[in-house]
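Enquirer: Please read through the structure below; I'll follow up with questions.
The values are calculated or read from the model by the stated rules, or taken from the named source; none is laboratory data. Worth saying up front: this structure is predicted, and the values here are computed from it rather than measured. Here Cβ is always computed from backbone atoms with ideal geometry, including for glycine, and neighbour counts include all displayed protein chains.
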Amino acid sequence: MESKANYTLIGTFVLVFLLAGLSFILWLSGSNLDQEFDEYIVKFDGPVRGVQESAEVRFNGIKVGDVTQIRLDPDNPNKVLVKIEVFEETPVDIKSYGQLEAQGLTGLNYIQIFSGGVDLPLAKDSDTKGIYVLEGRRSQLDSLLDDGGSVVESVQKTLNSIMRTLDDESIKDFQKILANVEQITSAYRDEPLTAARIEQTLANIDQASKDVSAASVSVDQTALDARIVIKENVVPIIDSLEVTIQEANAALVAFRRLADESTGLVNTTDGVVTDFAAGSLKKIEDAGVELKELLLTLNRVADELERNPSQFIAGEKRESVELPK
């Protein structure tokens with residue numbers, strides 16, 4: 001009986017030490033067995049680098065959860081769905097989004113949740129079927145690496161443009177410009193800077209300013225004269241042109257009305273001419289034929305009368321037949 005009691009005591013102490021060690025480990029890892037979590041899905045457009053399951057999820061730099069699953073979107077393989085689990089009290093609103101952030105120099109990333117704004121409804125309170133989906137954004141480093149090719153290409157194009165601009169002829173022209181500048185500066189360098197030269201330069205500047213002032217006065221006077229000319233001459237001409245255009249429009253309206261009336265008159269005249277050609281013209285033609293025949297008859301009578309008027313008047317002499325006695 002004594003040996004059995006010792007084994008029971010030893011087993012009890014072992015179990016107590018195991019439970020104490022497990023509690024100590026849980027306390028060190030920060031685990032909370034009664035903590036409740038909310039699940040969300042962060043949808044990324046494109047590849048997700050440096051994120052793995054059990055990676056941290058932070059909100060404003062504070063760890064609030066972990067990544068529980070990474071998979072492709074079944075509707076679009078170019079998108080990646082990352083399932084996260086965060087503390088229930090984490091204020092994830094409907095405008096919140098997840099962004100990849102680098103975790104030191106290890107090459108690993110964690111997901112940083114950013115709030116969408118103030119006084120927005122929470123995502124878990126929205127009427128959605130299933131797990132709420134947050135927008136996923138790439139890290140700045142990933143964006144820089146993805147866009148690095150286009151940046152290098154743009155730099156290459158710029159360098160090629162510069163090389164084409166700095167050809168041999170351009171360099172020669174630039175050297176000529178430098179030579180001219182050197183010649184001008186040498187002329188001023190060789191001549192001593194005296195008070196008389198300074199006064200002459202100031203006098204030239206003063207005269208140039210006076211010339212500019214006079215030119216501005218002339219420009220103002222010219223503008224005033226132009227305004228007067230426009231007001232006294234151009235404006236009346238424009239008014240006269242407007243009146244003339246109005247009169248021309250009235251004349252065009254009257255002409256259009258006259259043209260319409262002329263069209264009706266022409267249609268009526270066409271009917272009269274047609275009737276005349278159909279009836280009266282035929283009668284005139286028959287009368288002309290008869291008149292022509294009458295003239296021919298009168299010509300023959302005149303010829304007979306001129307040739308032998310007595311015979312024409314008395315008639316032809318008839319032969320007489322003597323009867324036997």
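Enquirer: Among the residues of the range 60-83, write down those that are β-branched (Val, Ile, Thr) and more than 41 Å from the chain's Cα centre (by Cα).
Expert: ILE62, VAL64, VAL67, THR68, ILE70
Enquirer: Does any residue of the range 109-128 turn out to be modelled with pLDDT under 75, over 15 Å from VAL48 (Cβ atoms) and either in the same structural domain as GLU56 (by TED's automatic domain parsing) or surrounded by 11 or more Cβ atoms within 10 Å (Cβ to Cβ) (or both)?
Expert: yes
Enquirer: I would also like to ask the following. Which of the residues that make up the range 130-146 are at pLDDT 75 or above and either in contact with a strand residue (DSSP E or B) (Cβ under 6 Å, 6 or more places away or on another chain) or of a type outside the set (Gly, Ala, Ser) (or both)?
Expert: The answer is ILE131, TYR132, VAL133, LEU134, GLU135, GLY136, ARG137, ARG138, SER139.
Enquirer: If you take just the strands (runs of 3 or more DSSP E) that sit entirely in the range 1-95, which of them hold at least 2 residues that are surrounded by fewer than 14 Cβ atoms within 10 Å (Cβ to Cβ) and modelled with pLDDT of 90 or more?
Expert: 62-73, 76-87
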